[in-house]
1. Going by alpha carbons, how many degrees (0 to 90, nearest 10) lie between the helix axis of 116-139 and the longest principal axis of the chain?
2. For Thr254, what charge total do you get from the other residues with a beta carbon under 12 Å from its beta carbon, if Lys and Arg give +1 and Asp and Glu give -1?
3. How much FRET efficiency would the formula 1/(1 + (r/R0)^6) give for Ala203 and Met241, where r is the Cβ-Cβ distance and R0 is 30 Å, rounded to 0.05?
4. Where does helix 228-237 land angle-wise versus the long Cα axis of the chain, in degrees 0 to 90, nearest 10?
5. Find the relative contact order for region 29-184 and round it to a whole percent, using C-alpha pairs within less than 8 Å whose residues are 6+ positions apart.
6. Could you tell me which label, among (i) 1.37; (ii) 1.00; (iii) 1.10, carries the value of Cα Rg over 2.2 N^0.38 Å calculated for this structure?
7. Would you mind working out the magnitude of the charge dipole of region 29-184 relative to its Cα centre, with +1 at each Lys and Arg C-beta and -1 at each Asp and Glu C-beta, to the nearest 20 Debye?
8. How high is the FRET efficiency from Thr227 to Ser181, r the C-beta distance, R0 41 Å, rounded to 0.05?
Amino acid sequence: MNSPAFRIRYGFEAPECEPQLESLLAHRSVRRYSDQPVLPSLETTLKAAAQSASTSSNLQMWSAIQIERGEKRDRIADLCAKQRQVQTAPLFFAFLADHYRLASLAPDRAERLEFTEFYTMAVVDAALAAERMVCAAELAGLGICYIGELRSHPEKVREELNLPRGTFGLFGLCLGYPDPSRPADIKPRLPMNSVFFSDVYDADRGIGDYDERLSQFYREQNMGDATWTQRIQDRLGGPDMGPRASQLEDLRRTGFAKK
């Protein structure tokens with residue numbers, strides 16, 4: 001199969017693979033959406049896809065709040081660095097780590113949920129569910145954009161969404177049909193052999209030609225020409241973590257990661 005997405009990701013032609021997998025390789029963040037509505041039947045299927053994801057011990061330690069467009073969505077967008085896509089996406093979900101449901105079913109044993117392992121399980125559950133929703137959405141022709149800024153003001157998000165103790169907003173997810181006049185582009189990724197190892201971690205593997213490929217992508221997007229290495233150095237050496245610097249305290253205040 002001739003896969004343009006694979007070629008953009010890695011800089012060379014794809015090996016033979018199933019044509020139906022092309023949409024998975026063509027994932028990109030979509031920040032501009034058309035006015036085409038998402039039908040209720042598709043919306044329900046996307047939710048079912050999310051709940052069909054793997055979950056640790058079937059504990060299902062996640063929830064998602066769908067926030068309709070309007071004043072509440074606008075306030076959430078303000079808390080997410082005023083990102084336009086949060087306001088305008090036809091669908092927006094706030095994905096949560098959720099221990100509240102389990103604690104309410106086993107109140108005499110809820111203290112066990114304070115172990116960091118249970119927080120990790122909840123984060124993994126939520127991420128798997130969201131990504132299963134994303135895969136289903138992209139197969140149906142929708143575009144998506146994850147919103148990590150939901151973690152920047154956890155107390156204000158908690159107030160807006162009426163979150164009980166034992167829940168924490170992990171990330172937002174925008175979904176909708178892409179605006180054809182504002183197409184999003186596929187971003188190159190690290191070489192496979194920089195990420196996938198055999199038997200043991202190879203600390204000397206390096207990143208191959210990734211600096212060169214990503215720098216070319218940024219030039220084509222009029223986003224400067226810094227390499228990935230330079231951007232990593234800038235990110236790690238830049239300003240402090242801002243409001244997210246207190247995340248551990250925020251988590252512990254709501255019952256997570258105390259042990």
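No value in this document is a laboratory result; all are computed from the given coordinates. As the structure is a computational prediction, the values presented were derived from the model and not from experiment. Note that each Cβ is placed from the backbone with ideal geometry, even for glycine, and that neighbours are counted across all protein chains shown.
1. 50
2. Values: positive: Arg158, Arg165, Arg252, Arg253, Lys258; negative: Asp98, Glu114, Glu155, Glu249, Asp250.
My count for the surroundings of Thr254 gives 0.
3. On the way: r = 27 Å, r/R0 = 0.88.
Between Ala203 and Met241 the formula returns 0.70.
4. Taking Cα atoms only, the helix is inclined about 30 degrees.
5. Contact order relative to length: 39 percent.
6. Here the calculated entry is (iii).
7. On the way: 18 positive and 19 negative charges, 53 e Å.
With only Lys, Arg, Asp and Glu charged at Cβ, the dipole is about 260 debye.
8. Details: r = 31 Å, r/R0 = 0.75.
The pair Thr227/Ser181 has a calculated efficiency of 0.85.
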